[in-house]
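Heads up, the thing below is written out as C-alpha cells.
Just so you know, all these numbers are worked out from the coordinates, no wet-lab data involved. All values derive from a computational prediction rather than experimental measurement. Every residue, glycine as well, gets a Cβ built from its backbone with ideal geometry; the counts of neighbours run over all protein chains shown.
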Amino acid sequence: MNPRESRVLKQVRIEAAHLPNDHVHGGGPVHASSDIPDWVYQVRDGQVVGRPPATTRAADLLPGSFVWGGWAGDHPGHFMAEHVPRLLFASQEHPGSKWIFIRRSNPSHAAVPGWFWDILGWFDIEPDQVTFVHDAPVTVEELLVYPQAEHVRFALDETREGLESLAGVPNTAYLTALNDLFASKGLEPWTNDVVYLSRAGLPGHFGGELYLEQELTQQGVLVIRPEQLSISDQLRLYAGAKKLIFAEGSALHFRQLLGYVDQDVLVLQRRPFRPTAIKQLQPRVNALVYKPVVYGVVQGPYNPKYHIPQEDKGFPYTDCDRLLSAFQWAGVDLSTHWNSVEAEDQVLEELKQWAQGVRDIPELSPVKCAYNAEISLMAMGAISLAPTIGKIIDPTRAYGFFQDIRPHQAYARRLEDRISQDSLAAHRANSPAVRALLTIDAKVLRSVRSLRRAAVSVVKRGGLVLAPKLPAGLRTKLNALYSRLAK
C-alpha cells in the first residue's frame, strides 16, 4: 500500500461514534460508492474494524473541503498508533487545510487533552484548522482521506495477515519521511548510552517501579518519565540514545514519530502475552527485544456492562528475578546493590494499595472483583497472597476459595516458592519436584493440573472471566483441593 495514495469523497456522511470501546469507535465516513478502498476506514490486524453503518439521523452539511483525521479519543497511545499514521503525508501535501476528527467526549477545544494538540502541532496542524464530529452525524461536501501508513498488529500469527495490502508494517518511504520531518525542525538529538522510559508516575505501572527508578539512577542510567516531556524533547531523547528501555506503554508509540535509528530497544512487558508495537518498531531499530517482567496481571475491576475484566485496570505483579535478568540483556547489572526484600515489600505494598482502590469503586461488586483477584493470583502461583488481597477488596467476605487454607499459610508459602522456582510452565507440566512436594494422590494431582491449566488459559486470553463463565465445578474442586492440602 502506498501511504501517499489518497481518495477524495464527495458529499460523504461522517457518523458520530456509537460504540462503547474507546479504541474502536464505530464512527467515521460512510459513502454510497462501492469502490471505496478498505484503507479509508480504521484497520487493525489487516482487517477493517471501523466501517460504520449509516444511520437515519439528520446530518448537518459542512461546506468546503476537509482532511480526515480519524478518532480523537482520550488515550494517547492508541491515537498515536492508529490515527497519527494518516497525518504525515496529508499535512505535507495539503498544508493549511481544514481537518475533521470524531470525538465522543466534550468536543470543545479547551477540553481536548493537551497531548492531542502537541501531536498535531508536530505536523504543523493548528487548533483553528480542526473540527470535531461529536454527538450527531454531518455531511461533508468534500473529504480527503489518506491511508494509515501503519496500523496496530495484535495478532502475531502470520496466518492471520488479513488483506495483503493492509499488512500494517511501515515502508521505507514513510520511515524516511518521518526522519526528514525531525531533521526539518532543527532539533539536535540528545546523546545517551542507556535511557529508561518509566511508567512509575502513571496508573497501571508494574509493581516496584519506584524502587527500580531509584536503583537505576544510582547506576548512572538516565530515568525519564516521558509524559513530563514535550514531544520534541521526547524525540530528541529517542533519536540520540544507543539503548532505549521502555516500561511497556504509550511511550512506545511515540517512538513511531521517528523512522530508523541505529539503536537497541528493550521492552519490559507488564502484559506478557502482548508484545506492543512489535511490527511497527522492528523496521525502526537495530535490535528489538521483549522481556516479560511480571508473573501476570492481577485482575480485579471488570466492565459492568459486558462483565469481563478490564486488564488495563489490573495490577502487573512483578517478578523481580525476571526484571533483573531483563536489564542484564541491556548491559545493566542491578544485582550488586539490589535489595530483594525491599523491592518485594514495595511490590506487595503497591498491590495492597491497588486492592484498596478496587474496593472503593462504587459501581462494581467487591465480591466479583475479589474473585477475579484470587483466581489470577492462583494462576501466578501466589497462593498465600490470595486471601489477603481478596479480603482487602471485599472486607465483608466470610468465605471463599481460600478459606480452608488460611490456617496453613506456611505450607501455602512453601508451595508458592516451589512454583516460583520451577516456573509456571514446569508446574503446569507437573514436574517431579512439584509432584513430590504436593505428596497427593494421582486423582488430586489431576485436579491440580486441570485447575492450573484453566486459570492460566484465561490469563493468556487477556484476562479472567467472572464466576458464571468459569469451568463447571471449579469452586467445588478448589475447595476440595485446599482441604486436601491442609491435611
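Descriptive notes on the structure:
- Under the Karplus curve 6.51 cos²θ - 1.76 cosθ + 1.60, θ = phi - 60°, whole-Hz ³J(HN,Hα) for the stretch 176-188, x wherever Gly or Pro sits: 5, 5, 5, 5, 5, 5, 4, 5, 5, 7, x, 9, 8
- Over the stretch 7-166, relative contact order from alpha-carbon pairs under 8 Å, at least 6 apart, %: 38 percent
- Residues with amide H under 5 Å from that of GLY296, placed H, sequence gap 5 or more: TYR317
- Prolate/oblate/rounded call for the stretch 172-329, Cα gyration tensor, a/c under 1.5 rounded: prolate
- Relative exposure of GLU215, GLU363, judged by other C-beta atoms within 10 Å (fewest first): GLU363, GLU215
- With viscosity 0.692 mPa s and temperature 37 °C, the Kirkwood radius over alpha carbon pairs of the stretch 7-166 converts through Stokes-Einstein to a diffusion coefficient of 206 µm²/s.
- D_trans [Stokes-Einstein, Kirkwood Rh over alpha-carbon pairs] for the stretch 77-140, 10 °C, 1.306 mPa s, µm² s⁻¹: 127 µm²/s
- Computed with the Debye formula from one identical point scatterer per Cα of the stretch 314-376, without solvent, the log10 of I(q)/I(0) at q = 0.13, 0.15, 0.21, 0.23 Å⁻¹ comes to -0.49, -0.60, -0.86, -0.95.
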